[in-house]
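Here, each number is a calculation from the coordinates, and none is a lab measurement. Keep in mind it's a predicted model, so treat the numbers as computed, not measured. Heads up, the Cβs are rebuilt from the backbone with ideal geometry, glycines too, and the neighbour counts pull from every protein chain shown.
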Amino acid sequence: MQWPWSRSRPRPDDWGTVLPPWWRRRRSRAVALVAALAVLGGGLFLLLRPDPPRPPVDTSCATGVERVAGVCVGVTDGSYVFDKKNLGSLFAKIHQENAAVEAQSTKSDRPSSRVSIVYLMSMVPGEKDSNTLDSVRHEIQGAYTAQMEANRSNKYGDVPKIKLLLAHIGNGAAQASATLEQIRLRTPKDRIVAVAGLGTSTDATEGLIRRITAEATPPDGSTAKPAAPGLDLGAVGSVLTADTLSGVPGLVRVAPVNSDEAFAAAAFLQKEEYAKKRVLVVQDKRKDDQYTQTLGDRFLAAFPKNRLAAAEPEMYDSSRAGVATAFKTRMSTICAAKPDVIYFAGRGIDLPRFLAPLKDRPCAKDRQVLVISGDDASQTAQAAGFQDIKDTLKHGNVRLVYTGLAHPGSWALRQDAYPGAAQSSFGAGGRFRTSFKGEALDDGQAIMGHDAVLTAVAGIRLAAANSETNGTVTGSDVIQIWGSLRGTEMVRGASGLISFKNDGSPEQKAIPIIEIASDGSVRTLAVSARGGKPLT
């Protein structure tokens, strides 16, 4: 006989080992719930647990050089190269001389036997930079030439010996700040006392210089740490010309200021050939560029108003796109003014964009137009678009002249304005020619880089001679001595005599008037200055 439940339920003796279906369903649900909670809890644990400590990111590129915003910036003795293709062999020469100075200093008992000058600039120019790869290289070649002449000849004394450190500030505020911090950290060990070069005349450059020359602590003696402590180092600008930089504490400049260039251009246009010519000013109104602002303003102040072809300058803004298009659309306006001369108060990088449409100007081209500009035009021969300039000069009945900072052709024209031994370094058999065969001097950058370092050396060695601390020189000593580099202590530079006024700018600095020909060659037409006559 079978029990009624025998087919659908377990037998009585199976109750201990077999669960009823309803219990098995409950147990399955419970197991699933526990599993789900376990998964959820594990996920929450993974989500909420703190991240494990990550290893620090190595941003160093070399000693004194760090990566900021993807770019290696900082200070090197030449052992690290910021641009191997353009600067590799040059940095190797500087590193070798620095090592020799260091070795000699180690053998000396005098702690003051060597000091360092930092050459600071953007060493890898970007597309919108007014400098070119060639101009950067030339400027540092000139700086090296001055270092070698200071250390290996008796032209400029012999102590202390000079190390030349190289600083790349990149193209942004964070990169520049990182470089200044590296200079500050290296100052005690390398005995840094001055910074030379300093780039071009912009608002950013002015801010940089003020941090370089400012005291490390507030002048009132407060012990509070300033937000951006100064480096308390002397500063020498190589190609800084904006008048707005005059009077910046601790800064001297070997280049003439823009007002001097404007007066020299005005004096050139008073010559018989141009004495009755009408002049139109074309000016860049970019707000952060002190060079273009002061160049146009100072020319308008120096030039007779009755000879202006228009009451106001033709303005453009290089900070915006479409500069070439703007120039093209202005040609009708320019033609309507009927100028014989156009004073171009803009950067050299914009000259090709202006001259290309000038060649195809809608007005008659049987009348020649003279375009005259400032010293930044020296960069055009190495910049993109130079072929456009040559085409315009060849086919557009246009001449191009500019007020330069230095050119070897000026030495023969006014020997009395260039006394001393500096220019011999750039002549046949001179140190520059033997070190850098085939390199050109036409852009003036090597000469200006040389004179910036030469000026720093003059200040350092004069301060050492007057020091009451056994020849030891500090950055503050160098800043104090700048005011003595005048009169009998003026610097006899390859770019002319350098005698500093109280505002740190050179007095009556020689200014070569330079022409770029249609074949790209460069020649000096005359040597002028503020008032027409350079310091002799």
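Local charge sum around residue 357 (other residues, Cβ-Cβ under 14 Å, Lys/Arg +1, Asp/Glu -1)? Kindly include the intermediate steps, with their values, before the conclusion.
Numbers: positive: 328, 330, 353, 359, 361, 365; negative: 314, 350, 360, 388, 391.
Net charge around residue 357: +1.
Residue separation times 0.36 nm, minus the C-alpha to C-alpha distance between residue 335 and residue 181: what's the value? Display every interim value, and only then the final one.
Values: separation 154, 0.36 × 154 = 55.44 nm, distance 5.21 nm.
Result: 50.2 nm gained on full extension.
³J(HN,Hα) across segment 480-494 via Karplus (A = 6.51, B = -1.76, C = 1.60, θ = phi - 60°), whole Hz, x for Gly/Pro?
Calculated HN-Hα couplings, in order: 5, 7, 3, x, 8, 7, 7, x, 5, 9, 4, 8, 8, x, 6 Hz.
Residue by residue through segment 87-95, what is 3J(HN,Hα) from phi via Karplus (6.51 cos²θ - 1.76 cosθ + 1.60, θ = phi - 60°)? Round to whole Hz and write x for glycine and proline.
10, x, 5, 5, 4, 4, 5, 5, 4
Would you calculate a helix-derived [θ] at 222 nm for the chain, using -39,500 (n - 2.57) for each DSSP H run of n ≥ 4 and dividing by the full residue count, to the nearest 500?
Working: 14 runs with 197 residues, N = 536.
Theoretical 222 nm ellipticity from helices: -12000 deg cm²/dmol.
Relative to the longest principal Cα axis of the chain, at what angle does helix 203-213 sit, 0 to 90 degrees, rounded to 10?
With rounding to tens, the tilt is 90 degrees.
Tilt of helix 21-48 relative to the longest C-alpha principal axis of the chain, in degrees (0 to 90, nearest 10)?
Around 20 degrees separate the two axes.
List the residues, sorted by chain then number, that are 5 or more residues from residue 237 or on another chain and whose placed amide H is less than 5 Å from its amide H.
Amide H neighbours of residue 237, under 5 Å, 5+ apart: 252, 253, 254.
Could you give me the ³J(HN,Hα) list for segment 286-298, computed from phi with Karplus coefficients 6.51, -1.76, 1.60 and θ = phi - 60°, whole Hz, x at Gly and Pro?
After applying 6.51 cos²θ - 1.76 cosθ + 1.60, I find 4, 6, 9, 9, 5, 4, 5, 4, 6, 4, x, 4, 6 Hz.
For residue 526, which sequence-distant residues (separation of 5 or more, or a different chain) have an amide H within less than 5 Å of its own amide H, given hydrogens modelled in the peptide plane?
513
Taking amide hydrogens as modeled 1.01 Å from N in the peptide plane, which residues meet the under 5 Å criterion relative to residue 442, leaving out close sequence neighbours?
Sorted by chain and number, the residues that satisfy this come to none at all.
In whole Å, how far is the Cα centre of segment 105-161 from that of segment 316-333?
40 Å
Take the Cβ-Cβ distance between residue 367 and residue 154 as r, set R0 to 45 Å, and report the resulting FRET efficiency rounded to the nearest 0.05. Walk me through the numbers on the way to the answer.
Working: r = 56 Å, r/R0 = 1.25.
Efficiency, rounded to the nearest 0.05: 0.20.
Rounding to the nearest 10 and keeping the result within 0 to 90°, find how far the Cα-based axis of helix 445-466 lies from the longest principal axis of the chain.
90 degrees
Which values, in whole Å and largest first, are the semi-axes of the equivalent ellipsoid of segment 444-536 obtained as the square root of 5 times each eigenvalue of the Cα gyration tensor? Provide the component values of the computation, followed by the final result.
On the way: eigenvalues 206, 44, 15 Å².
Semi-axes, largest first: 32, 15, 9 Å.
Name the longest site-free stretch of the chain, where the excluded sites are trypsin sites (Lys or Arg not before Pro) in a DSSP loop with no more than 13 other beta-carbon atoms within 10 Å. It would help to have the intermediate numbers written out before the result.
Details: sites that count: 7, 128, 271, 276, 287, 320, 367, 437.
For trypsin sites (Lys or Arg not before Pro) (loop position, at most 13 other Cβ atoms within 10 Å), the longest site-free span of the chain is 129-270.
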